[in-house]
Ligand SMILES: [Zn+2]
């Protein structure tokens, strides 16, 4: 109980902790040692390792002050932190399917496979299914489509994460109590010739809501709920947090509604994914990445508020499934300095710029167009002033612009397109890379990396999550804490 004494001493000494820190600490000092949680939250920041968490903390401070200091997130103040390895069966660099399988079932598998062994013959039972059998209510929330790899890892078993229609059908058969957030990538199958999954869900007893008004008014009398956000941006996902219109639903709203719908005496298990942290990482867009980390933190705040009412029975875990983008704090061009305040001038995500500006501009100016014409929009969208760019950066942007416009003749044969642009709109990705470099933020890849992630814990059984362990151990620790061993044995038969 030593850490508890230290924390109480810290509060008694009147250390200048912000109010939120005190709330978090207060929940942490509840007598939770060895307790079995009745209410379990598992927050997964897709593509979120320490560079993403710490960048959000640096940014939150940098927009208000020049001090070299950080503003902690709610979850980075949790009393227990562990480090978690993420490698999968075939690589040190996992994808979300194999990482989700590891956390949800305790098994390593290959990239792309969801809840099946590497040979794709044996199916695994998930922690959410076990909890359901044990009487917990189950909620699955994601800012990306509900048939995406991370949410699917809690209810589906498929040889390929690309089988998104099969995944969606399995969602409707899951009997889980609440699904909320994004929509479906293939609601009628790859060829749009299958039964609509929304209809299948309704037939399976789900109340389907798709408008903000219906979402707000829905309550426990609705039974099982499938809530799809009214506004979907790319690939049936909710918009990036920085593109979300004021008043539109957030990940925190979906989390709060989940708590309202799932709250019952037997307990619940809710997985909430911040899925677009990963997508912003793939695209090397730090501002979109950081704002989605902050959106995840705001969703965590909803769980913390619930926990303050049930301090002895609630466990909140926040982890990542892997790192994305090779994001780091430090760039050769800025040496030991960072300027995180510079990304604050970015007004929209890379996706909103590509969809809202580059696509129509390209359509209007087929193969032509002038870089000077897009400069005002660049300055407005990213806060990048041409006068602040080096001659080399201007050349990079102009070359990227030509590539964006489809000017293949301009291509330098020594250039590797993938290394330069990663398959994104060339101008857009070059803009966020240059802006991020000015801030002292660098990226190494458009894919995932193999670095460990941090796992933060607060509440009943939190002490289990101290130390350095594997992502499969998250399943094992939860099984032990939630007393689901019997369910594991039945599933193994
Ligand atoms: Zn990814």
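Using Cβ contacts closer than 10 Å as the measure, can you line up 70, 441 from fewest to most?
Values: 70 17, 441 31.
If I rank by nearby Cβ atoms, fewest first, I get 70, 441.
For region 97-205, what relative contact order do you get, as a whole percent, if you take Cα pairs closer than 8 Å and at least 6 residues apart? Each step should come with its number before you reach the end.
Numbers: 199 pairs, mean separation 26.2, N = 109.
Over region 97-205, the number comes to 24 percent.
Antiparallel versus total DSSP beta bridges in the chain: what percent is that, nearest 5?
Bridges in the chain that DSSP calls antiparallel: roughly 30 percent.
Highest mean first, how do 133-143, 347-357 rank when packing is the count of other Cβ atoms within 10 Å averaged over residues?
Values: 133-143: 22.7, 347-357: 21.1.
The peptides rank, most packed first, as 133-143, 347-357.
Restricting the calculation to Cα positions, tell me the Rg (one decimal) and the Dmax (whole number) of region 191-345 in Å.
Radius of gyration, then largest Cα-Cα span, for region 191-345: 18.6, 59 Å.
For region 335-435, what's the relative contact order in percent, using C-alpha pairs closer than 8 Å and at least 6 residues apart?
Details: 69 pairs, mean separation 33.8, N = 101.
Worked out over region 335-435, it gives 33 percent.
Working from Cα positions, state the angle (0 to 90°, nearest 10) between the long axis of helix 50-62 and the longest principal axis of the chain.
Approximately 70 degrees, to the nearest ten.
Quick check on the exposure proxy: order 337, 447 from fewest to most C-beta atoms within 10 angstrom.
Values: 337 10, 447 14.
So the residues, fewest neighbours to most, are 337, 447.
Can you put 129, 273, 298 in order of Cβ neighbours within 10 angstrom, beginning with the fewest? Could the numbers behind the result be given before it?
Working: 129 23, 273 32, 298 18.
Fewest-to-most ranking of 129, 273, 298: 298, 129, 273.
Given the DSSP H assignment, sum -39500 (n - 2.57) over each helix run of at least 4 residues in the chain and divide by its residue total; what's the result at 222 nm in deg cm²/dmol, nearest 500? Spell out each step's value before the answer.
Working: 20 runs with 195 residues, N = 493.
About -11500 deg cm²/dmol.
Helix 164-173 versus the longest principal axis of the chain: what angle, 0 to 90°, nearest 10, using Cα atoms?
30 degrees
When ranked by the protection proxy of mean other Cβ atoms within 10 Å per residue, highest first, what sequence do the peptides 41-50, 90-99, 221-230 form? Mind dumping the intermediate values first?
Values: 41-50: 27.2, 90-99: 22.2, 221-230: 19.2.
So the peptides 41-50, 90-99, 221-230, ranked by packing, come out 41-50, 90-99, 221-230.
Quick check: Cα centre of region 354-396 to Cα centre of region 264-342, how many Å?
If you average the Cα positions of each part, the centres end up 30 Å apart.
Taking only C-alpha pairs under 8 Å that are 6+ residues apart, what is the relative contact order of the chain in percent? Don't skip to the answer; put the middle values down first.
Values: 1029 pairs, mean separation 133.0, N = 493.
Relative contact order of the chain: 27 percent.
Which of rounded, prolate, oblate describes region 71-130, given a ≥ b ≥ c as roots of the alpha-carbon gyration tensor eigenvalues and a/c under 1.5 marking rounded, otherwise prolate only if a/b is larger than b/c?
Working: a/c = 3.23, a/b = 1.87, b/c = 1.73.
Taking the square roots of the gyration eigenvalues as a ≥ b ≥ c, region 71-130 is prolate.
Using a/c under 1.5 as the rounded threshold, could you call region 37-78 rounded, prolate or oblate? The axes a ≥ b ≥ c are square roots of the C-alpha gyration tensor eigenvalues, and prolate needs a/b larger than b/c, oblate otherwise. Don't skip to the answer; put the middle values down first.
Working: a/c = 3.79, a/b = 2.06, b/c = 1.84.
Because a/c hits 1.5 or more and a/b exceeds b/c, region 37-78 counts as prolate.
Could the peptides 458-465, 168-175, 146-153, 417-424 be put in order, highest first, of the mean number of other beta-carbon atoms found within 10 Å of their residues? Walk me through the numbers before you get to the answer.
Working: 458-465: 24.4, 168-175: 20.0, 146-153: 29.8, 417-424: 14.6.
Most protected by this proxy first, the peptides run 146-153, 458-465, 168-175, 417-424.
Work the Kirkwood hydrodynamic radius out for region 112-190: mean of 1/r over every pair of different alpha-carbon atoms, inverted, in Å.
12.6 Å
Which value, in nm² and rounded to one decimal, describes the direction-averaged projected area of the C-alpha convex hull of region 404-493?
The number I arrive at for region 404-493 is 11.3 nm².
What is the angle, in °, between the Cα long axis of helix 371-382 and the longest principal axis of the Cα atoms in the chain? Nearest 10 is fine, range 0 to 90.
30 degrees
Just check region 442-491 against the gyration tensor rule for me: Cα atoms, a ≥ b ≥ c as the square roots of the eigenvalues, rounded for a/c under 1.5, and otherwise prolate or oblate depending on whether a/b exceeds b/c. Could you put the intermediate results ahead of the total?
Details: a/c = 3.74, a/b = 1.85, b/c = 2.02.
Note, shape of region 442-491 comes out oblate.
Hey, what D do you get for region 247-286 in µm²/s if you plug the Kirkwood alpha-carbon radius into Stokes-Einstein at 10 °C and 1.306 mPa s? Display every interim value, and only then the final one.
Values: Rh = 12.2 Å.
Once the numbers are plugged in, D ends up at 130 µm²/s.
Just the Kirkwood number for the chain, please: inverse of mean 1/r across all distinct Cα pairs, in Å, one decimal.
Numbers: mean 1/r = 0.0429 Å⁻¹.
After inverting the mean inverse Cα-Cα distance, the result is 23.3 Å.
Every number here is computed from the coordinates shown, using simple stated rules; none is lab data. All values reported here derive from a predicted model rather than from experimental measurement. Neighbour counts run over all protein chains shown; Cβ positions are idealised from the backbone, glycine included.
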